[in-house]
Amino acid sequence: MLLFSVFVIIKAHTDMKFIDTKTDSIYFGILVAVLAVLYFFVASPVFFWGKAKEPAKNEKVNIEQLREHVTSLTSLSPTRTFPNATLEDSAKYIAQYFQSYCDEVSLQKYVVASTTVENIVCSIGISKPGRIVIGAHYDTFGPTPGADDNASGVAGLLELARIIAGNEKKFTERVDLVAFTLEEPPYFRTENMGSFQYALSLKKENVPVKIMVSLETIGYFSEKKDSQHFPHWLLKAMYPNTGNYILIIGDIKQSLLTREFKKHFKDGANISAWSLNGPTNLFGLDFSDHRSFWGFGYPAIMVTDTAIYRNQNYHEKTDTAETLNYEKMAEVVEGVYSGIKGL
């Protein structure tokens, strides 16, 4: 239907003279080929995969632990936004949990508006070459509790630290799990973002990064029809309109990496996963910390429930722990673990 619609639109809005059915067929065939290639790079389809494997006991996400992390972070008052002291309280909570599982926990501190802020870095397998980076920001937007945005991502990050630490031998690269500060406005898209500071430090040290995965709003799902929205009609035609899946976003120049990650993600998660690749400057594709890594030429993807395009609580006081689906969130985290392990 999408191909036919595009064909009719092109035919109706151009000066091309279609002489006969044979000529129409030729143009339609060309259109099919072009759109097929475009779809391959934009959507990174995976055509063959089996049912997701049941994770081993030491690889299984603890659903109640996810809930506890989100509840703890969203219960802080005032909210964990700059320059509230609760931002530091959040950092302490994350660092304390990391201490139980990481080979090394370090704080990357820097100063913004005369205030010291910090990224919390959990390193596993510190003697191994190369780097896999998984990140999530722990600050919130203004006076909002930020359950989905982004306590959900932080909760996933903490669970991944526990699981990866127990399966370190399965990774050939060092894994850094980083809780980033100051992702939210007014510092979004500035050098004051925690992810910018961390990516810059990697670049200065010439650290090779295999992949960076940004966990951004991974806990809100809906079974209602038309609960999923997109900023463009073409995307609406390509993707489901029920917001019960996870979206993996990547750079179109690295679409094969997105496809490979999604393939392994599907091996470990009983949740529908779609992907979207596009130019890094396309509106909406850079709405998190992966944009900092793109800026330094590193391969990076975002795993997201699409935030504002699905969750009406986004950047609102109603973004509370009770609105999230922790069972589906656990599937997402297990998918991310499977995705990075399989690369």
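Looking only at the stretch 157-167, decide whether some residue is among the β-branched types (Val, Ile, Thr), assigned to a helix (DSSP H, G or I), over 21 Å from residue 292 (Cβ atoms) and assigned by TED's automatic domain parsing to the domain that holds residue 332. Before you say what the answer is, go through the steps one by one.
Looking only at the stretch 157-167, we keep the residues that are among the β-branched types (Val, Ile, Thr), and these are 163-164.
The next check asks that each one be assigned to a helix (DSSP H, G or I); those that pass are 163-164.
Still in the running and over 21 Å from residue 292 (Cβ atoms): 163-164.
Narrowing further to those that are assigned by TED's automatic domain parsing to the domain that holds residue 332: 163-164.
Yes.
Which residues, counting only those in the stretch 218-246, are of a type in the set (Val, Ile, Thr) and either outside any loop (DSSP other than H, G, I, E, B) or loosely packed, with under 14 Cβ neighbours inside 10 Å (or both)? It would help to see each step written out before you state the result.
Residues of the stretch 218-246 of a type in the set (Val, Ile, Thr): 218, 242, 246.
Result: 246, single match.
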Taking the stretch 72-96 and keeping only residues that are crowded, with 17+ Cβ neighbours inside 10 Å, farther than 18 Å from residue 161 by Cα, of a type outside the set (D, E, K, R) and in contact (Cβ under 8 Å) with a residue 40 or more places away in the chain, one is left with 74, 79, 81, 82, 87
Tell me yes or no: at least one residue of the stretch 126-141 is out of contact with any Leu (no Cβ under 7 Å at 6 or more places or on another chain) and more than 28 Å from residue 339 (Cα to Cα).
yes
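Would you confirm whether or not the stretch 305-312 contains a residue that is under 15 Å from residue 221 (Cα atoms), of a type outside the set (Asp, Glu) and in contact with a helix residue (DSSP H, G or I) (Cβ under 7 Å, 6 or more places away or on another chain)?
Just the residues of the stretch 305-312 that are under 15 Å from residue 221 (Cα atoms), to begin with: 305-312.
So of that shortlist, the ones also of a type outside the set (Asp, Glu) come out as 306-312.
Right, trim to in contact with a helix residue (DSSP H, G or I) (Cβ under 7 Å, 6 or more places away or on another chain) and you get 307, 311.
The answer is yes, given that some residue of the stretch 305-312 is under 15 Å from residue 221 (Cα atoms), of a type outside the set (Asp, Glu) and in contact with a helix residue (DSSP H, G or I) (Cβ under 7 Å, 6 or more places away or on another chain).
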Might you check whether a residue that is touching a residue at least 24 places away in the same chain (Cβ under 8 Å) and part of a strand (DSSP E or B) occurs anywhere in the stretch 253-266?
no
(1) within 20 Å of residue 142 (Cβ to Cβ); (2) in a helix (DSSP H, G or I) all hold for residue 312 apart from (2)
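Go through the stretch 80-116 and give me each residue that's assigned to a loop (DSSP other than H, G, I, E, B), over 16 Å from residue 177 (Cα atoms) and more than 23 Å from the chain's Cα centre (by Cα). Outline the logic, then answer.
Filtering the stretch 80-116 down to residues assigned to a loop (DSSP other than H, G, I, E, B) leaves 80-85, 100-103, 113-114.
Now restrict to residues that are over 16 Å from residue 177 (Cα atoms): 80-85, 113-114.
83, 84, 85, 113, 114, listed by residue number.
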Read through the list (1) under 16 Å from the mean Cα position of the chain (by Cα); (2) more than 25 Å from residue 320 (Cα to Cα); (3) surrounded by 24 or more Cβ atoms within 10 Å (Cβ to Cβ), then give the number of the only condition that residue 252 fails.
(3)
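The values are calculated or read from the model by the stated rules, or taken from the named source; none is laboratory data. Fair warning: this is a prediction, and the values are worked out from it, not measured in the lab. Ideal geometry is used to build each Cβ from the backbone, glycine not excepted, and the neighbour counts take in all protein chains shown.
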